[in-house]
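One structure below.
The values are calculated or read from the model by the stated rules, or taken from the named source; none is laboratory data. Please read all numbers here as calculations on a predicted model, not as lab measurements. Cβ coordinates were reconstructed from backbone atoms using ideal geometry, including for glycine residues, and neighbour counts include every protein chain displayed.
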Amino acid sequence: MQKLLLTPEADIEMKTAADWFSPQFTNSVFWLCWSSMLAFRDYHSLIEVRRYMARFLMKDYGMVWHRGILHTEYNEYDSIIKPMHVWLKSLGVRFRSDTTVTDIATSDLKGETWATELALRDDAGIHQEKLTRDDLVFFTNGSLTQNSDMGDKVTVPKFDRETKDRGCFSVWESLAARDPKFGRPAAFISDIDKSNWISFFRQLRATQRSLILSRRRPATERALAGQSRSSIQAGRSASSCTTSTSPTSLPM
Ligand SMILES: Cc1cc2nc3c(=O)[nH]c(=O)nc-3n(C[C@H](O)[C@H](O)[C@H](O)COP(=O)(O)OP(=O)(O)OC[C@H]3O[C@@H](n4cnc5c(N)ncnc54)[C@H](O)[C@@H]3O)c2cc1C
């Protein structure tokens, strides 16, 4: 592991974790906790494993109990997204939901590439939105939850193998087909069986007793305490920075 951290990314391109670590290591309890927590398998990118090591290896002392992991007071939507939404709106930011970007037109000028137009699909149909030189476009060129589905104790999540319309990945494919400098989306989405993932978690019913217990006990014990219900989410595509797969990945 130390050798991996000291090896530059350029030297491990196209390698998998299995190319680097022995089967003895990838069968260890450490690997089971580490890879299931961060949702990767030994056939996934070694670069990804190395980045996770640089970011999270200091947490390994309590990994089996999920100790050291930061939690917000409420769920992440209510603690982070909602307040940010309200704050940005108060500053005049306009949010447009139910709108899909289906393509980004670009043009090359003096060695630079500019986004010139967005193709949008909304309730009114498909239309183009011209961009000026002052507009900034931040494009999420992959998402862990693209084409994902939710399940619960009685509903099996749908395994979506659609390849024609895969949201932000389709936009990325379109850009990459026009110019190789946009990268190779196929590295993330060409093998659905190796990039799908399933995540599940249990929710305690909010009785006072179980909430008090949940604050004091490590996560593994908390999961056993009180009444609970399970939720399952299944996704099909890995994000651009996270080639994930794990049958039992737990939210961090
Ligand atoms: C089950 C699970 C648990 C996780 N737990 C944690 C955790 O505990 N801590 C942590 O730090 N990270 C966690 N992550 C990872 C974290 O959620 C992601 O890294 C993060 O959300 C990525 O943010 P993003 O804005 O880049 O992309 P996303 O959150 O994926 O947002 C992309 C957005 O773009 C929209 N979109 C996609 N295509 C288009 C299109 N063509 N047109 C318009 N909009 C489009 C999508 O609808 C989506 O809203 C978890 C992920 C999962 C799946």
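Residues are listed down the side, and each one gets a yes or a no for (1) within 18 Å of the chain's Cα centre (by Cα); (2) within 27 Å of residue 67 (Cα to Cα):
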{"site": "4", "(1), (2)": "no, yes"}
{"site": "9", "(1), (2)": "no, no"}
{"site": "27", "(1), (2)": "no, yes"}
{"site": "39", "(1), (2)": "yes, yes"}
{"site": "46", "(1), (2)": "yes, yes"}
- Query: Among the residues of the stretch 128-180, which ones are in the same structural domain as residue 198 (by TED's automatic domain parsing), of a type in the set (Asp, Glu) and either in contact with a strand residue (DSSP E or B) (Cβ under 9 Å, 6 or more places away or on another chain) or within 12 Å of the ligand (Cβ to nearest atom) (or both)?
  - Reply: 149, 152, 160, 165, 173, 179
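Any idea which residue in the stretch 30-80 is modelled with the lowest pLDDT, counting only those that are among the β-branched types (Val, Ile, Thr), out of contact with any Lys or Arg (no Cβ under 9 Å at 6 or more places or on another chain) and within 15 Å of the ligand (Cβ to nearest atom)? Show your work before the answer.
If we filter the stretch 30-80 for residues that are among the β-branched types (Val, Ile, Thr), which is where we start, we get 47, 49, 64, 69, 72, 80.
From the residues that got through so far, the ones that are out of contact with any Lys or Arg (no Cβ under 9 Å at 6 or more places or on another chain) too are 49, 64, 72, 80.
Retained after the next criterion (residues that are within 15 Å of the ligand (Cβ to nearest atom)): 72, 80.
Details: 72: 89, 80: 96.
The residue in question is 72.
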- Item | Selection from the stretch 123-142 of residues that are farther than 24 Å from residue 187 by Cα and part of a loop (DSSP other than H, G, I, E, B) | 123, 124, 131, 132, 133, 134, 135, 136
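In the stretch 2-16, which residues are among the hydrophobic types (A, V, I, L, M, F, W, C), more than 21 Å from residue 186 (Cα to Cα) and surrounded by 10 or more Cβ atoms within 10 Å (Cβ to Cβ)?
Looking only at the stretch 2-16, we keep the residues that are among the hydrophobic types (A, V, I, L, M, F, W, C), and these are 4-6, 10, 12, 14.
Next, only the ones that are more than 21 Å from residue 186 (Cα to Cα) stay: 4-6.
Scanning the stretch 2-16 gives 4, 5.
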- Message: Could you go through the stretch 74-93 and let me know if any residue there is hydrophobic (A, V, I, L, M, F, W, C) and touching a residue at least 12 places away in the same chain (Cβ under 8 Å).
- Response: no
